[in-house]
Amino acid sequence: MAVRATVSRFPATPEALESCAVQWGVAVTPFAAADERGQPPTTGAGGDRVPRCEHCWAYFCSHCDLERWGWSCALCGTLNGFDDDTARRFQRTDACPELNSSFVDLEIPVDEAEGEGDGVQARPVYVAAVDLACSEEFLELIKSALLAALEALIPGSLFGLITFSHKIGLYDVQGPIPVVKNVFIPPDLEEDGLPVALEDIMPLLSFLAPVDTCKDRIAAALETLRPTSSWERGAASGHEEDTVLLGGRGFGTAMSALIDYLSSEYGSTFALDTTRYGEQYASKGVDADLALLPEQIPFYRDLAAVAVQAGVCIDLFAVTDEYTDLASLKFLSIESGGSLFLYANTDDSTLPQDIYRLLSRPYAFGCVLRLRTSSDFEPGNSYGHFFPDPQYENVQHIICCDSFATYAYDFDFAHNDGFSSTSRPVKVAWWLNIVIYIYRHTDPAVVQIAFQYSVIEPVEETLSNEPQTSASYKFCLKRRLRIRTLQYRPARNISEIYDSVDPEVVLHILVHKVILESLDKGVREGRQQVHAWLALLAARYNQALSSDTRTPSPLSSIDVDFSQCPQLQMVPQLVFALLRSPLLRLHEEGVHPDYRIYLQCLFSALEPSSLAKAIYPVLISYSSPDKQAFPRHTLSRAALIMSESPIFLLDAFTNLIVYYSSTADPSIPFPPPRDCLLRTTINKLKQDRCITPKLTFIHGGKDDSTLFESYLIEEQDVDGSGFTTGSGFVAFRESVRNVAAEIVQEEIGS
């Protein structure tokens, strides 16, 4: 579990929080194998026996004060007594990980009647739903991707294949020849769904085939897939061929029926209206950036809730450059703990690699995430791909969570006193029917994150020397509890807050907020809010600097480069890049609404360092394929010229570009050799990523350099008007300086 805060020294009071203007919160990657420093958790058993505070329900940890007969909660200060079992356990400190570590991962014994435990056999289930209302090229890509998926699945997994268009097809691959059974989707009865349940068409046990014994037959079934023509869809729907819209492909019906198939839940269905994307908004005076971002229909959000209740995780892979209304479809993935992938075409799609990568990494299932804080402050908003608990605050349900999935919380003070003068009654002792209270100051600030989850683990079979069959592959469900408790010291002044800033986490919180702002009020409003926040931060920084007797600064010269604070110096570039990103570029600049939705889903799931690369790519120079010249350059043409290096590696998270300058020595091999340092770096970057970045080699002067140059954003205007004469980032800084100066002057005048 990796936890990174926007500031390592928390603001001490609400006034300090307002005065510093820094985002205040944390980014949490709960299923990460180690913490942010690379340290793994202390593991053990007894997750159900960890003592909990009777006042705030926080878990005992090594930060708690121990007494002879009890312990004081690190979060609220309540003195809790030990029961007999805990008193006996704590006499053996080596058997209680929570006594020795603030980061533990403990197994929870579960009654087999509840469906978990060593005695309960379980098998991972994967279902591929394939859209046949497609082209031959699309289907060939899907076949390659599903063959890669079969290689990624562990032996003993169960796999099902379902297709949809104007009909739904279920494949039985457990016999000698693959068999498909179809049910037609009634064209005018969307609200009633299918006339027959999928279970009645094919029993679920016939549909789900063991991968280890049926892999060849599944592959044979994939070869039988053929696209349905528009004539077939038109004939089935009773409409003319030319009137069959791309949206009338039965996706909603298929998803609803499939979730019902897997979970015995059911819902109504609707068709997508793909005609909304066009120039009609401009002619009607409607803000297209606002109109095309919200969901079009609530059906898929409602269906996502059904999937959550059923424990079904949905990953969506869309291969199209046409409007698909991902604004509605996205809820199927983000609320069920899945992922959304968008590929503009089949030619350079990384779909097979992405599916293999997705299915070959470990996952946690049935997760519950809870963040608690000490009594002086509290969680505000929570961000990420989860389903909020309908009853309890700050409790999130996550159907499926991998080691990359990251969630965010921002904080606010619980009262006006902040951390400086906390006083609240706390029960500290009870005997002789007398309850004693004292007033206690909670210091430092404490954040505790509890993550309860299940994992599917293989069961070792050593009773026979015979080769394993599908029946001998066994798995069991294990329930675990991961607890991380962190302490943060309040800052004594504003300078300490600024010196402790983590700019990547600040960007992480900012991106979450601007996504919500864009969905609510439109992209323009989101852009304005980001620009206004940076100007406010610059104003507050300069005010703090002018009041610091050590480094006085005249307010007549507003410093927007944060020259006295290295931790803030990257923030203007990150904000500038965020405004240049397709996430916040305007509709008239040619940003496809589905691509914007895809970026929202991608960015809101990334951990801070990956998100920072996606927003402001890393540009590294090499003097040769085996020697790095400089670890990071600004994204400008001037940086390339001044470095005089012949080779550059640009890491934009989704893209990796190797660029040879036009003046590079012809003797330098292009592309770089496979055994060189540059290639080793590229391979490591690809291996450590949650998606497969597209790798491109460009030789300046010989190849088209447009893709590489598009990332040199510091010489582009923030409004997207293209290259200027080097005034892009410079002009942006001046605009921030002007607004910051206005803020300072207004506050001086008031």
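The values are calculated or read from the model by the stated rules, or taken from the named source; none is laboratory data. This is a predicted model, so every value here is computed, not measured. Note that we place each Cβ from the backbone using ideal geometry, even for glycine, and neighbour counts take in every protein chain shown. Accessible surface areas use protein heavy atoms only, side chains included; no ligands, DNA or RNA. Shrake-Rupley method; radii C 1.70, N 1.55, O 1.52, S 1.80 Å.
Worth a mention:
- Kirkwood hydrodynamic radius of the range 55-169, from the reciprocal of the average inverse Cα-Cα distance over all distinct pairs: 19.6 Å.
- Using only alpha carbons, the range 36-86 has a radius of gyration to Kirkwood radius ratio (Rg to Rh) of 1.02.
- Quotient of Cα Rg and 2.2 N^0.38 Å for the range 1-130, N being how many residues it contains: 1.39
- In plain terms, if you count all Cα to Cα distances in the range 563-609 and split them into 5 Å steps from zero, the share in each step is 5, 19, 20, 21, 16, 9, 6, 3, 0 percent.
- The Kirkwood hydrodynamic radius of the range 488-632, based on inverse pair distances between different Cα atoms, is 17.1 Å.
- Net charge dipole, the range 1-160: roughly 540 debye, given to the nearest 20, about the Cα centre with Cβ charges of +1 for Lys and Arg and -1 for Asp and Glu.
- Packing-based ranking, highest mean first, of 88-96, 707-715 given that Cβ atoms within 10 Å are counted: 707-715, 88-96
- Whole-Å distance, taken between Cα centres, linking the range 686-716 and the range 361-397: 37 Å
- Computed extension gain for Q528 through D212, at 0.36 nm per residue and net of the alpha carbon distance, reaches 108.3 nm.
- For N655, nonlocal amide neighbours, meaning residues 5 or more places apart or on other chains whose placed amide H falls under 5 Å from its own, are K694.
- When T634, T13, T78 are compared by accessible area of protein heavy atoms, the largest-first order is T634, T13, T78, using a 1.4 Å probe.
- Measuring only protein heavy atoms, the 1.4 Å probe finds T350 accessible over about 20 Å².
- Rh (Kirkwood; distinct C-alpha pairs) - the range 597-736, Å: 16.0 Å
- Residue-level accessible surface for T224, protein heavy atoms, 1.4 Å, Å²: 80 Å²
- Largest to smallest accessible area among W69, W57, W24 [probe 1.4 Å]: W69, W57, W24
- Area accessible to solvent at R49, 1.4 Å probe radius, in Å²: 100 Å²
- Count Lys and Arg as plus one, Asp and Glu as minus one, and take only other residues whose Cβ is under 15 Å from that of F159; the net charge is then -1.
- Taking a Cβ cut-off of under 11 Å around S636, the surrounding Lys, Arg, Asp and Glu residues balance to a net charge of -2, with basic ones at +1 and acidic ones at -1.
- The 1.4 Å probe gives accessible areas that order K627, K613, largest first, as K627, K613.
- For the range 30-91, the set of GluC sites (Glu not before Pro) satisfying both a DSSP loop assignment and a count of at most 14 other C-beta atoms within 10 Å is given as E54, E67.
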